[in-house]
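Coordinate-derived values only; no laboratory data. This is a predicted model, so every value here is computed, not measured. When we count neighbours, we look across all protein chains shown, and the Cβ atoms used for this are built from the backbone with ideal geometry, even at glycine.
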Amino acid sequence: MRKNQSSDTDSFAGDRPPADQAIASGDATRPDLPDRRTFLAGAASVLGMLAVSSCSWQEFVQNNFQRMSKEEIEQTVDRLRREYKEKYGKDFVVGTEGPIDATLFGYALDIQRCIGCRKCVYACVEENNQSRDPQIQYIRVLRFKDGDMDFEHATIYYDPEEVPEDGYYYMPVQCQHCANAPCTKVCPVRATWTEKDGIVVVDYNWCIGCRYCMAACPYMGRWFNFKEPVIPVETINTTTHYLGNRPRMKNVVEKCTFCIQRVRVGKYPACVEICPVGARKFGNLLDPDSEISKIIRNKRVFRLKSELNTQPKFYYFFAT
Amino acid sequence: MKPKMLIPLVMVLTVGIIGACINLSDRAAYAQSREYAEEMKEIQAPTSEQEFPVPLRPLPKTITPCRACHGPEKDFPVNFKRREDILVHSNIRLNHGGIRLWCLDCHHPENRNYLLPLSDGKVIEFEQSYLLCGKCHGTIYRDWRDGIHGKRTGSWNGQKNYYLCITCHDPHNPRFKPMAPMPPPKKPWTPTEVRAKH
Amino acid sequence: MKNFIVQAVKRIVIGPPLYYAWVSLLLVLIAVGIASYIKQLEMGLIATGMTSYVSWGFYLGNFTFLVGVAAAAVLLIIPAYLYDFGPIKDIVIVGEILAISALLMCMMFVTADLGRPDRIWHLLPGLGILNVPSSLLGWDILVLNGYLFLNLFIPGYIIYKAYNEKPVNYRLLLPFILLSIPWAVSIHTVTAFIYNGLAARPFWNASILAPRFLASAFCSGPALIILLFQIVRHYTKFHVKDEALHKIAEMIAIAMAINLFLLGAEFFKELYSDTHHLSPLKYLYLGMDGKGRLVPWIWTALVFNVVAFFIFLIPFTRKKFLTLNLGCVLIIIGIWIEKGMGLIIPGFIPAPLGEVWEYAPTTLEILVSLGIWAIGLLLLTINLKIVLPIETGEFTKHSSQERAFAAERA
């Protein structure tokens with residue numbers, strides 16, 4: 001657990017992990033931006049791949065979000081809003097809110113309560129603008145037989161008239177936001193990382209689509225846009241975050257971000273809000289009075305596949 | 001929840017509550033408790049405004065004040081006997097705690113506008129029904145107070161809306177109702193299918 | 001230099017009819033492959049058989065196999081340069097040229113697997129971010145490029161000297177040769193570590209994986225080299241002694257023995273302890289939940305490998321070219337299955353949350369892969385067409401100049 005968070009983080013843009021500076025030599029190279037562009041101009045013409053992958057020049061040269069200056073972030077957000085307006089005919093908010101001070105998000109799920117209704121699955125899809133075809137759903141609700149917690153015997157395709165069913169219990173699984181995340185470790189270009197508030201995010205514009213992170217995740221928490229995502233325009237959520245639910249492009253990885261666009265402004269994630277049985281709990285692990293802290297203190301909790309030492313910030317518990 | 005385990009607990013508490021009710025049959029005592037209730041609101045007890053931001057009128061406004069019919073001087077005298085053939089309130093099917101609970105184990109026998117008092121003799125208003133629930137379901141009440149049991153919406157670091165016990169559990173028939181699940185996910189492409197053209 | 005280029009182009013363009021047929025076939029395959037790849041870029045990776053469950057497939061299978069082929073050049077380098085074994089020293093250059101083609105094919109297969117090849121510049125250190133030391137894929141990019149450099153430099157230098165009819169300064173070359181030996185081991189080890197480091201995938205997360213990679217690489221690569229040498233000496237004046245081929249075959253026998261032993265060790269551990277780590281093996285060899293697309297393939301691979309092992313073990317069959325070549329073909333197919341699809345796919349089955357969803361390459365994937373193989377083979381053909389005459393002394397600075405004069409006079 002990373003409990004000692006620095007409290008001097010006021011803005012997201014100006015604050016990048018120190019480890020990044022060494023490799024990126026970020027600040028030193030930034031004034032030479034035109035050089036980078038000229039070089040890339042040559043590279044791009046050689047590649048000729050731009051033509052078929054239908055991406056704009058600005059999109060092509062866009063930097064990693066962690067290395068962007070405030071101005072670059074503003075420009076990028078403006079461009080994205082223009083693109084979304086053009087594509088979906090709606091005005092989008094693309095937020096870039098940074099982590100809130102002294103906050104480390106944690107999640108808890110009461111498997112005693114969960115009835116397997118999948119309302120969370122669909123609330124998540126709507127909130128986070130997930131592709132309907134091919135279908136992407138960050139939450140998988142596993143159904144186990146009573147007395148068994150073996151994944152190989154579980155199913156996610158149960159479809160009875162009514163839930164809960166006798167003789168079964170349910171366990172929703174989504175990104176576990178591991179403190180020791182195997183997925184961010186393997187990314188060859190650092191397109192995915194853990195934010196200061198513990199949320200594991202992806203920069204969709206930096207991801208090269210190698211899917212190494214998907215192979216590394218023991219929870220199937222990551223999804224790949226195998227084609228251009230299809231989102232119904234009528235229900236598209238226009239309140240977005242750069243690292244969260246803004247519309248994605250084809251051939252990049254995406255995942256649950258605890259609804260970063262909601263939680264960074266104090267709201268509960270969509271799955272917590274929708275859960276009809278109140279099985280889903282969310283809050284700040286660093287605040288001893290938060291719901292999540294009280295659960296960890298007062299209930300016996302467990303984390304999935306704890307033998308892998310991924311140290312999820314997603315807890316399961318059984319309340320009476 | 002395991003109803004079987006609750007039965008002995010409910011029995012013990014029922015005996016206690018009935019005992020308390022008998023004490024309260026004295027109107028003077030009731031008036032006193034009413035005053036206590038007023039006092040309690042202001043001084044220390046958890047109120048909706050103070051501790052939990054709960055909806056203030058959990059009962060529909062259309063319901064006639066209970067005292068219009070019930071009360072020592074009204075048409076329906078207090079009857080502690082469990083009956084199945086009640087003409088009014090036919091919409092209520094009591095299925096709470098097996099056969100051991102009866103209306104007056106929760107509703108105040110003398111003044112139906114209130115719920116039975118806590119052991120300190122202070123009556124409970126409908127909008128604070130959770131206090132009454134907590135008398136039997138103490139551990140769950142504690143979890144609910146801590147945000148562990150039950151649902152909250154709003155802001156994880158600010159104003160929260162609490163769902164009351166009775167928002168999810170009909171007090172007369174508290175078991176959570178089954179519901180139709182949302183559709184299962186589509187199965188992934190498998191090599192036996194021809195991959196659709198896109 | 002100008003003469004060299006003119007003469008080299010002439011050598012590439014001119015050849016017997018069989019050569020034209022071969023090159024035309026490759027060019028057709030390349031054209032089809034490129035067209036398929038463009039289609040894949042347009043559609044997205046939905047054009048492949050990969051899903052969120054099996055997120056790597058045929059491309060990375062071929063990649064893994066080819067890293068092994070590239071690494072196997074070391075089996076020629078060690079006897080040639082360190083033990084000064086004459087017969088192999090004469091021919092080591094062909095192995096290195098094979099390694100170059102194999103490496104380029106590796107890189108093309110990884111690129112084909114990328115969802116966003118337009119963002120490949122993100123991997124460039126400085127301009128982009130190469131996430132080393134954290135990401136094994138980052139490491140693999142470094143070691144593969146380093147190995148490519150070594151394999152361009154060492155034979156490049158030798159060829160340059162031969163072309164100019166000057167002796168090779170082995171004292172200058174030795175550090176690079178010595179470096180290339182651990183480097184060859186490292187490319188395959190790092191490739192194994194890409195998979196090996198993932199605790200989410202018990203099938204790969206066994207420390208025996210890297211040794212098995214090396215053992216199988218030292219079977220398939222040299223088998224390919226034996227066949228290649230026979231083709232080369234049949235069609236060119238480049239001389240390859242039987243002795244060299246038999247020596248290589250001997251090494252294959254040892255490598256295959258180790259490979260089968262390691263496989264047996266893995267079988268024992270998984271079968272006896274009988275935990276859920278056994279599930280991918282069960283899926284691979286027996287099938288699971290009524291799904292077992294790989295079962296016939298992996299048994300084919302096992303039978304081929306065992307038969308080939310005995311062919312290479314028994315001196316009689318090892319020295320007879322009919323059986324030797326049969327053994328080579330069996331090994332190449334066997335290892336291609338075992339280290340390709342047989343390694344990648346079961347890593348994803350069952351999925352970490354227990355589901356069993358199968359994978360098979362789509363036609364498009366196969367066409368793109370064939371295209372990449374064709375590019376690799378074309379590069380190999382062209383390289384050999386230039387390098388072998390230089391090695392045999394037919395194509396030198398002197399001869400180029402003579403021909404240039406002759407052309408001017410005419």
Would you mind ranking C:L367, B:L132 so that the residue whose beta carbon has the fewest other beta carbons within 10 Å leads the list? C:L367, B:L132
For the range C:352-410 and the range C:25-80, distance of Cα centres in Å: 15 Å
For a bin width of 20 Å, list the pair-distance distribution of the protein assembly as shown built from all Cα-Cα distances, rounded to whole %. 12, 36, 28, 15, 6, 2, 0
For a quick check of your reading of the filter: which chymotrypsin sites (Phe, Trp or Tyr not before Pro) in the range A:186-262 sit in a DSSP loop and have no more than 11 other Cβ atoms within 10 Å? none
With each pseudo-label sitting 7 Å past Cα toward Cβ, what's the A:H153-B:N113 distance in nm, one decimal? 5.8 nm
Against the longest principal axis of chain C, how steep is helix C:58-71, in degrees 0 to 90 to the nearest 10, with axes from Cα atoms? 50 degrees
Rg/Rh for the range C:13-404 to two decimals, with Rh computed the Kirkwood way over all alpha-carbon pairs. 0.97
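Could you put C:I254, C:I100 in order, starting from the residue whose Cβ has the fewest other Cβ atoms within 10 Å? Intermediate results must be reported in sequence, preceding the final value.
Values: C:I254 14, C:I100 21.
Arranged by neighbour count, lowest to highest, C:I254, C:I100 become C:I254, C:I100.
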For a quick size check, give me the Cα extents of the range C:1-108 along its three principal axes, largest first, whole Å. 52, 36, 28
Sites matching trypsin sites (Lys or Arg not before Pro) across the range C:282-344 that sit in DSSP coil, with at most 15 neighbouring C-beta atoms within 10 Å: C:K320
For the pair B:R82 and C:T111, what calculated FRET efficiency results from E = 1/(1 + (r/R0)^6), where r is the Cβ-Cβ distance and R0 = 60 Å, to the nearest 0.05? 0.15
Which residues among the range A:74-88 fall inside the zone where the amide N is under 11 Å from a point 7 Å beyond the Cα of A:Q58, along Cα→Cβ? A:74-84
Non-local residues with an amide H under 5 Å from the amide H of C:K291, with H modelled 1.01 Å from N and Pro and chain starts lacking one, are none
Within the range C:222-255, list the trypsin sites (Lys or Arg not before Pro) lying in a DSSP loop whose Cβ has at most 15 other Cβ atoms in a 10 Å radius. C:K237, C:K241
Order these by the 10 Å Cβ neighbour count, fewest first: C:E96, A:E83, A:E152. A:E152, A:E83, C:E96
In the structure shown, do any of C:K89/C:K241; A:K255/C:K39; A:K87/A:K250; A:K281/B:K151; A:K227/C:K339 have a Cα-Cα gap over 19 Å, and if so which? A:K255/C:K39; A:K227/C:K339
For the range A:74-98 and the range C:102-165, what is the separation of their Cα centres, given in Å? 37 Å
In whole Å, largest first, the alpha carbons of the range A:181-302 cover along the principal axes 44, 37, 23
